[in-house]
Each structure stands twice: as structure tokens, then as C-alpha cells.
Amino acid sequence: MKKNMSKEYLEAIKEFENHFRASVETGKKYEGIHHLPYNKVFASFVFTTITNRAVTLALATPYSSFNKNTIHWDYASIGGIVRSILENRLTFYYICIENVPSEEKSVRWDIFQLHDCCSRQRLFSHFPEEEREHNAGFEDQRIEITERIKANSYFCSLPLKERNKLLKGKNAFLIPLEDLAVKVGIEINDFRIYYQLMSSFNHSLPMSLLRMGEQKRGRGIHSQVEESYIIMFLELATKMLRDSTDEYIKLFNAS
């Protein structure tokens with residue numbers, strides 16, 4: 001079966017695995033470090049998540065070193081994994097890496113926490129009433145975080161409409177994901193292609209289900225279409241791993 005693989009596919013796997021192993025070794029090097037500022041602690045959480053997703057990607061990729069004998073091809077699931085790597089990459093850069101003024105950095109973190117708190121409130125609101133005891137604590141947190149945000153000078157400089165929107169806790173980021181993608185070196189049009197395509201798989205949208213027969217994809221067997229999609233996803237994942245690892249090392253080596 002491996003003889004049917006293109007040279008480009010095998011090279012994409014090799015490149016991905018090289019950077020995947022480097023990210024794993026980097027994570028091991030800095031594990032167990034305590035008493036760090038929040039950006040480094042959170043960076044370790046997100047970097048670990050990126051690496052874990054990469055493990056799953058390696059296991060799902062036909063004929064990788066972690067999956068040498070598989071005969072099952074599933075480009076759509078691989079696309080979903082890579083979308084998660086991409087989103088975590090953007091979060092990693094936004095919260096932990098980008099050099100912005102202290103007030104902006106602080107409010108980024110608070111808006112992120114507010115989204116977490118409000119998301120948990122909405123989730124628990126659907127539970128039976130006797131299981132909603134956690135919501136009281138979330139409401140206290142929401143009020144505390146909101147007051148901190150309102151006192152932030154960077155937040156106060158934003159337009160009123162934007163401030164009111166952010167205080168609802170439905171936005172985790174101050175800037176659009178497209179803008180973040182550009183900051184991490186992805187062309188905006190490329191990001192739109194990647195994100196729309198991979199999102200269609202995650203949400204089982206019509207674009208992921210229709211035309212399967214004529215495009216010879218989604219049947220669990222090798223095809224040129226399956227292979228070409230996986231090459232594209234591996235190349236994106238490789239870039240995310242490489243750049244995140246480089247930034248992680250610089251972050252932990254900084255004084």
C-alpha cells in the first residue's frame with residue numbers, strides 16, 4: 001500500500017514528525033517548573049494542548065511512524081484535529097507571546113477569563129436546578145472580573161459599542177481570529193480557506209458531505225483527493241508546531 005503514496009505525502013509526514021518530536025522534547029525540558037508568571041504557566045498549558053493534538057494527528061495519519069500499518073483514510077477528522085491545533089496556536093500567541101503594552105495584556109487575560117466564566121454559567125444553566133450550585137460562584141467571579149475590566153485604561157479607550165459587546169462575555173479575543181492569523185504568519189486568504197474547509201468537517205456542513213462520490217473522498221480508502229487534503233493539513237500543522245516551539249523556548253529562556 002505504501003507504494004501508492006506520493007513523494008510529497010511522505011515528505012510532509014517526515015517534516016511534520018521532525019517538528020512534532022522537537023515539540024515533545026521541548027515540553028519535557030520545561031515541565032515541572034513552578035512559581036512562574038501567569039503567561040508562562042498558561043503557555044505551558046496551551047503548548048501541552050498543541051502537542052497532545054499533534055500526537056492524535058500522528059496517530060490518525062496513515063503511514064506515519066505512529067501509524068505504520070493503517071488502511072483507514074479520514075482527511076476530515078484530520079482536518080478537525082488541525083483546526084484545533086490552529087486555534088490553540090492563535091491563543092498561545094495572543095495570550096502568551098505577543099508583545100503588547102501591559103494594560104492591553106492584562107485586559108486580554110481578563111476578557112479571556114470572563115468568556116470562560118460566562119460560558120460555564122450558560123452551560124450550568126441547562127442542568128437540573130439541583131445541580132446548579134456552581135453557578136453562584138461563577139456569578140461572583142463574573143462580577144469581579146467585569147469590574148477589573150472596566151477599570152482597565154486600555155479597555156476604556158475602546159469604542160463604547162465594542163466595550164459593551166466584550167462585557168457580555170461571548171468574545172474570548174479582543175481582535176478577530178483573521179488578524180491573529182496574519183500576526184502568526186498566515187496569509188489572510190489562506191486562513192479563510194483553511195478555516196472554512198476545516199470547520200465544514202467539524203460541523204458536518206453540506207460542503208463536507210456532498211460530492212463525496214465524484215471527488216472520491218470520505219470513504220476510508222486512499223485517493224488522490226484524500227492524500228492532497230492531508231498534505232495540506234500536515235503542512236499547516238508543521239508550521240504551527242515549529243513556530244510555537246520556537247516561541248516557547250524563547251519565552252522560557254527570557255529573564
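The values are calculated or read from the model by the stated rules, or taken from the named source; none is laboratory data. Every value quoted in this text rests on a predicted model; they were computed, and no experiment measured them. Neighbour counts are summed over all protein chains in view; Cβ atoms, including those assigned to glycine, are modelled from backbone coordinates with ideal geometry. Just the protein is used for accessible areas: all its heavy atoms, side chains included, with ligands, DNA and RNA removed. Shrake-Rupley method; radii C 1.70, N 1.55, O 1.52, S 1.80 Å.
Quick rundown of the values:
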{"quantity": "Estimated FRET transfer efficiency (Glu98, Ser119; beta-carbon r; R0 30 Å; 0.05)", "calculated": "0.85"}
{"quantity": "MRE, 222 nm, helices only [DSSP H, n ≥ 4, -39500 (n - 2.57), over the chain, to nearest 500]", "calculated": "-22500 deg cm²/dmol"}
{"quantity": "Nearest-0.05 FRET efficiency for Ser223 and Arg192, computed from C-beta distance (R0 25 Å)", "calculated": "0.50"}
{"quantity": "Exposure rank, largest accessible area first [Ser153, Ser23; 1.4 Å]", "calculated": "Ser153, Ser23"}
{"quantity": "Magnitude of the charge dipole, the chain, Cβ model with Lys/Arg +1 and Asp/Glu -1, debye to 20", "calculated": "480 debye"}
{"quantity": "Among Cys117, Cys156, Cys96, residue whose mean-square fluctuation peaks in a GNM of the chain (springs only between Cα atoms under 10 Å)", "calculated": "Cys156"}
{"quantity": "Pairs beyond 24 Å (Cα-Cα), from Lys183/Lys250; Lys29/Lys250; Lys105/Lys150; Lys170/Lys239", "calculated": "Lys170/Lys239"}
{"quantity": "Percentage relative contact order, the chain, counting C-alpha pairs under 8 Å, at least six apart", "calculated": "33 percent"}
{"quantity": "Cross-link reach list, aspartates and glutamates versus Lys7, counting only Cα pairs under 13 Å and skipping chain neighbours closer than eight places", "calculated": "Glu15, Glu227"}
{"quantity": "Ordering of 100-111, 224-235 by packing [mean C-beta count within 10 Å, highest first]", "calculated": "224-235, 100-111"}
{"quantity": "log10 of Debye I(q)/I(0), alpha-carbon scatterers only, for the chain at 0.10, 0.12, 0.17 Å⁻¹", "calculated": "-0.61, -0.84, -1.29"}
{"quantity": "Straight-distance crosslink candidates among aspartates and glutamates, where the alpha carbon sits under 20 Å from Lys28 and sequence neighbours closer than 8 are dropped", "calculated": "Glu17, Asp243, Asp246, Glu247"}
{"quantity": "Ala22 versus Thr48: modelled label distance in nm, points set 7 Å from Cα along the beta carbon direction", "calculated": "2.3 nm"}
{"quantity": "12 Å Cα-Cα reach of Lys168 towards aspartates and glutamates, excluding residues that sit fewer than 8 places from it in its own chain", "calculated": "Asp116"}
{"quantity": "Solvent-accessible surface (1.4 angstrom probe) belonging to Ile175, in square angstrom, nearest 10", "calculated": "40 Å²"}
{"quantity": "For the chain, built as a Gaussian network whose Cα springs stay under 10 Å, the top-fluctuating residue of His126, His19, His115", "calculated": "His126"}
{"quantity": "Where labels lie 7 Å past Cα in the beta-carbon direction, separation of Thr56 and Lys150 in nm", "calculated": "3.9 nm"}
{"quantity": "Crossing angle, helix 224-253 versus the chain [Cα axis fit, 0-90 degrees, rounded to tens]", "calculated": "40 degrees"}
{"quantity": "Degrees separating the helix 75-92 axis from the principal Cα axis of the chain, which is the longest one", "calculated": "30 degrees"}
